1. Going through region 186-222 one residue at a time, which ones are modelled with pLDDT under 80 and assigned to a loop (DSSP other than H, G, I, E, B)?
2. Using beta carbons and a limit of 8 Å, which pairs, at least six apart or on different chains, have the first residue in region 300-313 and closer than 20 Å to GLU236 by Cβ and the second one small (Gly, Ala, Ser) and at pLDDT 85 or above?
3. Taking region 133-152 on its own, how many of its residues are surrounded by fewer than 19 Cβ atoms within 10 Å (Cβ to Cβ) and of a type outside the set (S, T, N, Q)?
4. In region 540-557, how many are touching a residue at least 12 places away in the same chain (Cβ under 8 Å) and of a type in the set (D, E, K, R)?
5. So, GLU610, is that one touching a residue at least 24 places away in the same chain (Cβ under 8 Å), loosely packed, with under 15 Cβ neighbours inside 10 Å and under 23 Å from ILE360 (Cβ atoms) or not?
6. For residues that are assigned to a strand (DSSP E or B) and modelled with pLDDT of 90 or more, scanning just region 552-584, find the one that is farthest from ILE447 (Cα to Cα).
7. Within region 65-92, can you find the residues that are over 22 Å from TYR11 (Cβ atoms) and crowded, with 16+ Cβ neighbours inside 10 Å?
8. Given the conditions (1) out of contact with any Cys (no Cβ under 6 Å at 6 or more places or on another chain); (2) touching a residue at least 40 places away in the same chain (Cβ under 8 Å); (3) closer than 21 Å to GLY359 by Cβ, which single one is not true for ASP633?
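The values are calculated or read from the model by the stated rules, or taken from the named source; none is laboratory data. Everything numeric in this text was worked out from a predicted model, so none of it was measured. Don't worry about glycine lacking a Cβ; one is built from the backbone with ideal geometry, like all the others, and counts go over all protein chains shown.
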Amino acid sequence: MSIKKIDSTAYYIQLANFNKKTNNYKSSLAFSQKAFNYAKLNNKIKGKADALFSLGLTYFELKKMNDALESFTNSAELYNQLLPSTDYALCYYNMGLCYMSLEEFDKAEDSFDKAESVYKVLKIDASPFMNLQKGILYKNNGKTELASKLFNEIISKDDSKDLFKTKAEALYQLGTIEEKLNHYNLSVNYLNRALTLSTKDKNLDQKAKILLDLSMSYEKLLDLKKSYIYLKAHIELKDSLSHLYNKKLNVNDYVSFKESERMKAIEQMTKEYEAQQKTNKFAKLISILAIALITILSLLSLSLYKNNIIRSQSNNILKEKNFELQIAKDNAEKASKARAEFLSTVSHELRTPLNAINGITHLLLEDNPKPNQLHYLNSLKFSGNYLLTFINEILEINRIESSNIEIEYINFNIKQLLLDIQNSMTEIASNNNNKFTLEIDENIPEIVLGDPTKLSQIFINLINNALKFTKNGEVKVMAKLIETGDDFSRINFAVSDTGIGIPEDKQETIFESFSQGSIEINRKYGGTGLGLTIVKKIVDLLGGEINLESQVGVGTTFDFELNLFKGTKEVITEKPKMYSDDILIGKNILVVEDNKINQMVTKKMLEKKEVICQIIDNGEDAVELLSKENNFDLVLMDVHLPGINGTIATQKIREFDIKKPIIALTAISLNENREMLLSFGMTDVITKPFEPENFYRIIALNLS
């Protein structure tokens, strides 16, 4: 099978851009460098140019202008060896922006001219953003009339035609020009228009500098209230941007920025004090009492001034501490996510060999084994089922912790739910000669609104533990109505037993993952130590809190309270659909599976039911075969395949065949679910490792 070679330079640049969007600049730089190394190894001039251009853009966002200039310059030299392109023009354009930041305006103008000449060769109208940068250059060189002319041409255009978002910057530049000319009212007008457009375009960096200049203009107009409001908004936005861009400002810049803001606050207080003193000059005829009053007010102002300095310093310390705490919180969340994804991946990968183990065990048990082999095969089946339970519990914990789980709100009969659980666990109770009873408050409503699946998970785990750790005793499940309202009922659920009990020193950690009473208990009774962890997490998810009372040798009681809404209709219990093996006989099924052992197991299981089976090990060949032949009754499609995966293959098949049943074979992981697989056009899902009876039932129902 041939697989199309992937352009690794483009792939690494895509990874660099993705990490840059998520503010992971360290990884972005690393992937850009990988792209350059790959292109250099293969002697690809365009690849090297693209990689250096990507590297330069990342340095530019990090405000590392000298590093960005070096990358853009080297990239431009490489692009110069190729045909003119927009990337070549953008390279010179970004070099101009770097020189602007370094206040080397002559070099910036030269770079913009080179960019404009490339655009002219390409016959691309780049005048909007080129005129903007030329205007800024004219302004910095003192040619304000030329600059104003270019800026006015830009702002005269309709908002809807401002494709390059240049109008807000042009308005801002005009506002700063009028501010320098002491035309503060006109400056405020331009700056407010610029603020409106930058808010609309969600350009936060631009908005921050506009807010700062608005504050200074209102200060010149002696409107200190508005000046303070815009200054405060500017500081809050800069703080937000500092966090958003993952500390794009370095520590020294950040401290100096805060110091400058503090000095502005001091300057503002000083000006207010001077204004007060000027006012006092006009009060020469005030009596001695008035002079004394002014003296007292002056002392109070001085005290307030000192208090403001102390409060400002305290606020700065608090902001720094909050920033450190946020970083610690982010790191903890990343570690938790990495752990969950690792466990999910391990659980997912274990399912494929486990499917082979369980499948071969089933086939051997079906082949009339010798009596002396039966014991070993049953032990192997038990071990496989135990391992599957363990993997499922790990996956369930990961789903809950990753918030990849939703609460259902459906009508169900709470009393019938408990009776069904009791009936299903009667045999387990009899194994240890236990009495298993229910006590349900008759005042509890018949129909409630909630999540019966998660409630069943809680009861099955708690009851199974109680029955396992109790012998010749009693296990009791109780449901009692605590409170009722117009639309809800608060119910206390409890599971108690007369078993071995839990030592007091183990009760605090009993809900932690892999925690059991002792090593001896684990060896004697078995179990994964995950059941109670799942119970606690689900109870928390449903808005309750689980409690524990236990005494060694006397017994244990777990109880929790939940609010369940009152149901609105009678629940109709669906009976499981029945099928006959006759449906399978003679059917032609295509199995798309790359694992050789799973191919053999699946084929043997189908042939046991007299099914005609054909195997294909990749998605591309499956699509090609089904586009030419239409004699298959059903397709079993593995989700994880080499080349295109099962979901993409199914999408391609649905382009020419929308009726044929396609059943997904998957070891569902943390990021997969049944609804996601069905959305690609699959008609049903069989989870690996599959239980034989369920495997045959799903296939038969889809064939019928």
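1. Residues satisfying the conditions are LYS202, ASN203.
2. none
3. Residues meeting the conditions: 5.
4. The number of residues fulfilling the criteria is 1.
5. Against the criterion (touching a residue at least 24 places away in the same chain (Cβ under 8 Å), loosely packed, with under 15 Cβ neighbours inside 10 Å and under 23 Å from ILE360 (Cβ atoms)), GLU610 qualifies.
6. Step one: filter region 552-584 for residues assigned to a strand (DSSP E or B), giving 555-566.
Adding the requirement that they be modelled with pLDDT of 90 or more leaves 555-562.
On the way: GLY555: 32, THR556: 30, THR557: 26, PHE558: 24, ASP559: 21, PHE560: 20, GLU561: 17, LEU562: 15 Å.
Looking at the filtered set, the residue picked out is GLY555.
7. Result: MET65, ASP67, ALA68, LEU69, GLU70, PHE72, THR73, ALA76, TYR88, ALA89, TYR92.
8. Result: ASP633 passes all but (3).
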